[in-house]
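Before I ask anything, let me first share the structure, which is written out below as structure tokens.
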Amino acid sequence: MSTLSVNNLTTLTGSTITVASGKTLDASQGFTPPTGHVLQVVSATKTDTWTYNGSTAFQDVTGLAAAITPISTSSKILIQVNINVSCNRRYAATRVLRGSTQVGGGTASGSRPSVSMSTGSNQDEPTQAYVSRNGSTSFLDSPNTTSATTYKVQVGNTESASAVMYVNRGPEDGNYVWAHRGSSTITLTEIQG
């Protein structure tokens, strides 16, 4: 095996350096892509339903979490969450955490809590029991680590300890064509910083 040592590669003509057909360029020992390039993508999709007979404390949604190991401490992680969530009472909300730290929420003020998104649940709507709300949020995080990092989704009701939260279904789950089942996803994209 031969080793080619150079400080710079350029083309004789044109602007493309081509690797011979059937060959690969092994950059596993080091390669720095330009800022803004995607380095890896990790995603988790939850297709089953989940119920939280809850309190005003937020609860992890089982199966709606993903772990990523950043290649560089300067990397950014783009978090994208799409969730079908409903509640039998008003004031339900969703938030995103890196480990145990909330990320991407609004600024809390007084009694007003920080959340990533609020659901539109309203128990006074005549068809509320059959509705599963869809919400999405995204946030560009800077975890500053090369260790495995888990991002997860939590839901809760910030007003009623007797509230019941539902993911991927509505409060009414009878065997009807209007009692929809959905899916929810969290996607993590590492971007070169």
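Which whole number in µm²/s is D for the range 1-66 by Stokes-Einstein, with the Kirkwood Rh taken over Cα pairs at 20 °C and 1.002 mPa s?
Values: Rh = 18.3 Å.
D, rounded to a whole number, is 117 µm²/s.
If you project the alpha carbons of the range 100-185 onto the principal axes, what extent comes out on each, in Å, largest first?
48, 32, 19
Enumerate the lysines that Lys76 could reach by cross-link, defined here as Cα to Cα under 28 Å, with residues fewer than 8 away along the same chain left out.
Within the straight-line limit of under 28 Å, Lys76 reaches these lysines: Lys46, Lys152.
At 0.36 nm per residue, and after removing the present C-alpha to C-alpha distance, how many nm does the segment from Lys23 to Asn8 gain when stretched out fully? Can you show the working numbers first?
On the way: separation 15, 0.36 × 15 = 5.40 nm, distance 2.08 nm.
This chain segment gains 3.3 nm when fully extended.
Tell me, what ³J(HN,Hα) does each residue in the range 15-21 have, in order and in whole Hz, if you take phi through Karplus 6.51 cos²θ - 1.76 cosθ + 1.60 with θ = phi - 60° and put x for Gly and Pro?
Running phi through 6.51 cos²θ - 1.76 cosθ + 1.60 with θ = phi - 60° gives 10, 10, 9, 10, 8, 4, 4 Hz.
Once every Cα of the range 49-168 carries one equal point scatterer and solvent is ignored, give the base-10 log of I(q)/I(0) from the Debye formula at q = 0.12, 0.13, 0.16, 0.23 Å⁻¹, two decimals.
-0.45, -0.52, -0.75, -1.31
Please report the net charge: other residues with Cβ closer than 10 Å to the Cβ of Gly170, K and R +1, D and E -1. Could you put the intermediate results ahead of the total?
Details: positive: Arg133, Arg169, Arg181; negative: Glu172, Asp173.
With Lys, Arg at +1 and Asp, Glu at -1, the net is +1.
Here's something else I'd like to know. Stretched out fully, how many nm does the piece from Ala148 to Ser72 gain, at 0.36 nm a residue minus the Cα gap? Walk me through the numbers on the way to the answer.
Details: separation 76, 0.36 × 76 = 27.36 nm, distance 1.16 nm.
Result: 26.2 nm gained on full extension.
The range 12-56: which chymotrypsin sites (Phe, Trp or Tyr not before Pro) are DSSP loop and have at most 11 other beta-carbon atoms within 10 angstrom?
When the chymotrypsin sites (Phe, Trp or Tyr not before Pro) of the range 12-56 are filtered for loop state and at most 11 Cβ neighbours within 10 Å, Phe31 remain.
Still on this model: Report, please, the projected area of the range 149-193 averaged over directions, based on the convex hull of its C-alpha atoms, in nm². Don't jump to the answer; show the numbers that get you there.
Working: hull surface 22.9 nm².
Value for the range 149-193: 5.7 nm².
May I ask you to derive the relative contact order of the range 1-94, considering only C-alpha pairs under 8 Å and at least 6 residues apart, and to give it as an integer percent? Kindly include the intermediate steps, with their values, before the conclusion.
Details: 20 pairs, mean separation 16.9, N = 94.
Relative contact order comes out at 18 percent.
Any chance you could run the full-extension gain for Thr49 through Ser118? It's 0.36 nm times the residue separation minus the Cα-Cα distance, nm to one decimal. Please list the in-between numbers first.
Values: separation 69, 0.36 × 69 = 24.84 nm, distance 1.93 nm.
My answer for the length gained is 22.9 nm.
Readers should treat all values here as calculations from the given coordinates under stated rules, not as data from a laboratory. Keep in mind that this is a model prediction, so the values were computed, not measured. When we count neighbours, we look across all protein chains shown, and the Cβ atoms used for this are built from the backbone with ideal geometry, even at glycine.
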